[in-house]
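Each remark here refers to the structure printed beneath this line.
The values are calculated or read from the model by the stated rules, or taken from the named source; none is laboratory data. Note that the coordinates shown come from a computational prediction; the quantities given were computed from them, not determined experimentally. Note that we place each Cβ from the backbone using ideal geometry, even for glycine, and neighbour counts take in every protein chain shown. Calculation scope for accessible area: heavy atoms of the full protein, side chains included, ligands and nucleic acids excluded. Shrake-Rupley method; radii C 1.70, N 1.55, O 1.52, S 1.80 Å.
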Amino acid sequence: MTGSAAQRPLLFLDVDGPLIPFGTAPQEYPDGHPTYQAVPELQGADSNPLLARIDPEHGPRLTALPCDLVWATTWMADANECIAPRFGLPQTAVVIWSEPSDEDEQAERAGLHWKTRALVNWAAGRSFAWVDDEITDIDRAWVSAHHQGHALLHRVDPRRGLTNLDYGALNKWLHKIHATHPPHSAS
């Protein structure tokens, strides 16, 4: 995959944590995480009870962002089959995780998230935001040292999932990148 600064930024999106909150529910939800009704026509809509935690408002909010969405999750192709229809997203690119190399395993033992190297390779120099609940400063430092383009590694609280503050931070960063490197227009 080739990239350039003139393309829209990528948004690598994890599912568990950012879209499906988990763990102890925050104080504002004393009865547990909120749940949402699935569209009845969705095949297997009730197959995984955690899917009910996906807020359908994520769809319009994600599609409004000036970026190209890419699933960066262990759900892989299931994200397009089970997650995207819940809030009206079209079929979206998916990062297919390869078996870790010895170098990947060594980097992971040193504290680098197992997704970090793969996402930088997938971006191929293209600007990207990565939304996940497991990002650390080690990942940020590695991306800064090994990625040619702009990158925002945005950690989401897995108990809350994506919030208004998260969308605000993403929107601000993506618009800044978009203004700095507008896409080429076809003539």
**Asked** Out of the residues in the range 139-179 that are over 14 Å from the mean Cα position of the chain (by Cα) and in contact (Cβ under 8 Å) with a residue 60 or more places away in the chain, which is surrounded by the fewest Cβ atoms within 10 Å (Cβ to Cβ)?
**Response** 175
**Prompt:** Do you know which residues across the range 65-86 are touching a Phe, Trp or Tyr at 6+ places or on another chain (Cβ under 9 Å) and hydrophobic (A, V, I, L, M, F, W, C)?
**Reply:** 65, 67, 69, 70, 71, 72, 76, 77, 79, 82, 83, 84
**Item:** Leading residue by the ranking (nearest to residue 76 (Cα to Cα)) among those in the range 116-151 that are assigned to a loop (DSSP other than H, G, I, E, B) and of a type in the set (Val, Ile, Thr)
**Value:** 135
**Fill in**
In the range 99-113, anything open to solvent by less than 100 Å² (accessible area, probe 1.4 Å) and either touching an Asp or Glu at 6+ places or on another chain (Cβ under 8 Å) or in a helix (DSSP H, G or I) (or both) is listed as 100, 104, 105, 107, 108, 112, 113
